[in-house]
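Enquirer: Starting off with a structure, shown below.
The values are calculated or read from the model by the stated rules, or taken from the named source; none is laboratory data. This one's a predicted model, so the numbers in the text were calculated from it and none came from an experiment. Here the Cβ positions follow ideal geometry from the backbone for every residue, glycine too, while neighbour counts run over all protein chains shown. Side chains included, ligands, DNA and RNA excluded: accessible areas come from the protein's heavy atoms. Shrake-Rupley method; radii C 1.70, N 1.55, O 1.52, S 1.80 Å.
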Amino acid sequence: SNRCAVTDSEDVIDDCYIEISFGYGSPRDLQTYKFGAIKHCIGEEILQLIANTKCSCINSRVTYRGFSICVVMASWNEEGKVGQGVHAVPKDIVDTVLVVNNGSIDLTEKEARDAGATVINHPENLGAGGGYRTGWVFAKEKNFDLVVELAGDNQDDPHDISKAVDKLIDEELDYVQG
């Protein structure tokens, strides 16, 4: 059975929302049928975008406590915010910041790329859930160990990632939300 922790702002994470899941193939892997359902929901066009998006080589990835981390930021018209969020992610523990540009009509894509993010552009807004599903599949397909969700509007504090990951690993959890 899966073990989860929901933290409050006093516990592990200060006033932010971070979700972390172990990727498929890790010691606490996601069940195949769950991943298959997520993958099926996003469609062939998005799967092709994921397949065509380059990322770091597995052997050269930044790791934290032995795990590679992909931060996913679903973003829609977040110009003026997304770049600050990407810059704030601690690069000493996070290998890749993936911004899923959810059909934005502003300069979200350019700002995210200029800040160093990998970007996948949805042709239309698929909602926050669609953006995060794309990120989860990207992380699984590219063999990351952990996925961290951060809001694309820079409302979360990325420096809390290590606290949440520590809790996940130390307490042998499958999921942390705070």
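Enquirer: Treat each spin label as a single point 7 Å out from the Cα along the C-beta direction, and report the Thr63 to Glu44 distance in nm.
Expert: So the two model labels end up 3.8 nm from each other.
Enquirer: Probe 1.4 Å, all protein chains in place: accessible area of Asp174 in Å², nearest 10?
Expert: 30 Å²
Enquirer: What is the gain in length, in nm to one decimal, between Glu172 and Gln155 on full extension, counting 0.36 nm per residue of separation less the C-alpha to C-alpha distance?
Expert: So the extension gain works out to 3.4 nm.
Enquirer: What whole-number distance in Å separates the alpha-carbon centres of the stretch 141-178 and the stretch 72-94?
Expert: Centre-to-centre (Cα) distance: 14 Å.
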